[in-house]
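Data first, discussion second: the structure below is written as structure tokens.
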Amino acid sequence: MKIKYYPILVFVYNRPNLLSNLLFSIKKNKNFNKHKYYFFCDGPKNSKNILEKSKIKKNIFLIKKFNKVKKEILIRDKNYGLASNIIEGVSNVLKKHKACIILEDDLFLHEECLNFINFGLNKFKDDKSIASISGYSYLHDYEQKNYFNWVKIYRHCSWSWGTWDNVWKKINWNIENIHQIKIEKNLKKVKFLKAGKDIPIFLTAQLQKIINSWAVRFNYHCLNKNLLSLVPTHSLVKNDGFGINSTHNINFFNKKKITFKKYLLLNLSKLQDPKLSRKLNKIIQLDHPFNKKLFLRIMLTKFLKNLVR
């Protein structure tokens, strides 16, 4: 199979220390310089915040020092927020390319992460049942600790992932425009619970504009269309973005402590055909229970709105 190296999109905001770690880990990936890179730098929330502007400026400095690759840098003059930044950024790049790999600034990659995602994008580009390839594994260290493979799952993850233009262009990002009754009816269907019992509550929060998550909408589309994600059995990425500077942590992914395994110098060409395992998907479902905190937040928001009326 002839490998095409799809572009890599990196979304950054105001955490230069994390971006520095990400860029370091990218350079550890073999063939990293065969990809073209698009950097989307979000603007400050407050134009008068000197510290925030300084961090964004340092981000741009780090990106410009990231050499030996073809790259384009888009600097937002205002704050788009993660959801709008990603939706617009990916949409524009996929007008020119058939697929892409998406990274956020709080990730740290295993040295095989980019090869894994890119290989999957090449191998399964004509498979209409798969919507994404992710470097993160919800099943990290669950079983077969000395064996690496990939599996098909219902729940999609945004911690280093890739998708194709023919998947992305079919997504309706304005789900709040869909009639509320239709959504509530759909949420009762079993297929929306296969990826986790928290999915309906996250969709409700999105509809009521309590959260603004592109990933929740992406999962909704894929579940509605019965589209799967392909993930490794051991995670090829860590997420370090859950500290005090985190701006988009809604506990959608149920972060686990990841320790990379030295034996994961994998031979991609020898991977077995990925299977859809009911057992493994059940583990993921149980690992994402009904989110009580978000439910209370929704109820409180409703209560406060009723008080204002």
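Across all Cα pairs in segment 60-136, the calculated P(r) in 10 Å bins from zero up to the longest distance comes to 13, 42, 37, 7, 0 percent per bin. Counted by Cβ distance under 14 Å from residue 43, the other residues give a net charge of +3, where Lys and Arg count +1 and Asp and Glu count -1.
Within the chain, what percent of beta bridges assigned by DSSP are antiparallel, to the nearest 5? So the antiparallel bridges amount to about 40 percent of the total. Considering only alpha-carbon pairs that sit under 8 angstrom and 6 or more positions apart, the relative contact order computed for segment 1-112 is 45 percent. Peptides 210-221, 118-129, ordered by how many other C-beta atoms sit within 10 Å of their residues on average, highest first, read 210-221, 118-129.
Highest mean first, the peptides 273-281, 83-91 sorted by other C-beta atoms within 10 Å per residue fall in the order 83-91, 273-281. If the chain linking residue 190 and residue 24 were pulled fully straight, counting 0.36 nm for each residue of separation and taking away their Cα-Cα distance, it would gain 55.5 nm. Across segment 8-308, the relative contact order, built from alpha-carbon pairs under 8 Å that are at least six residues apart, equals 23 percent. 3J(HN,Hα) couplings calculated from phi for segment 27-39 with the Karplus curve 6.51 cos²θ - 1.76 cosθ + 1.60 (θ = phi - 60°) are, in sequence order, 5, 7, 7, 5, 6, 4, 7, 8, 8, 8, 10, 10, 9 Hz; Gly and Pro show x.
Placing dummy labels 7 Å off each Cα toward the beta-carbon, the span from residue 302 to residue 75 is 4.6 nm.
For the chain, with the dipole built from +1 on Lys and Arg beta-carbon atoms and -1 on Asp and Glu ones, taken about the Cα centre, which of 49, 267, 295 lies farthest toward the positive end? About the Cα centre, the residue reaching furthest to the positive side is 295. Other residues whose C-beta falls under 10 angstrom from the C-beta of residue 230 contribute a net charge of +1, scoring Lys and Arg +1 and Asp and Glu -1. Using equal-weight Cα scatterers in the Debye expression, the normalised intensity of segment 1-104 in log10 at q = 0.24 Å⁻¹ is -1.39.
Less than 5 angstrom separates the built amide H of residue 237 from those of 110, 137, all sequence-distant by 5 or more or on a different chain. Neighbours of residue 13 by Cβ distance under 10 Å: Lys/Arg scored +1, Asp/Glu scored -1, total -1.
Over segment 8-308, the Kirkwood radius and the radius of gyration, each from Cα atoms, give a ratio Rg/Rh of 0.95.
Read-outs throughout are calculated quantities, based only on the coordinates presented, and are distinct from any laboratory measurement. Keep in mind the model is a prediction, meaning the values are calculated, not measured. Counting neighbours? That spans all protein chains shown, and the Cβs are built from the backbone with ideal geometry, glycine included.
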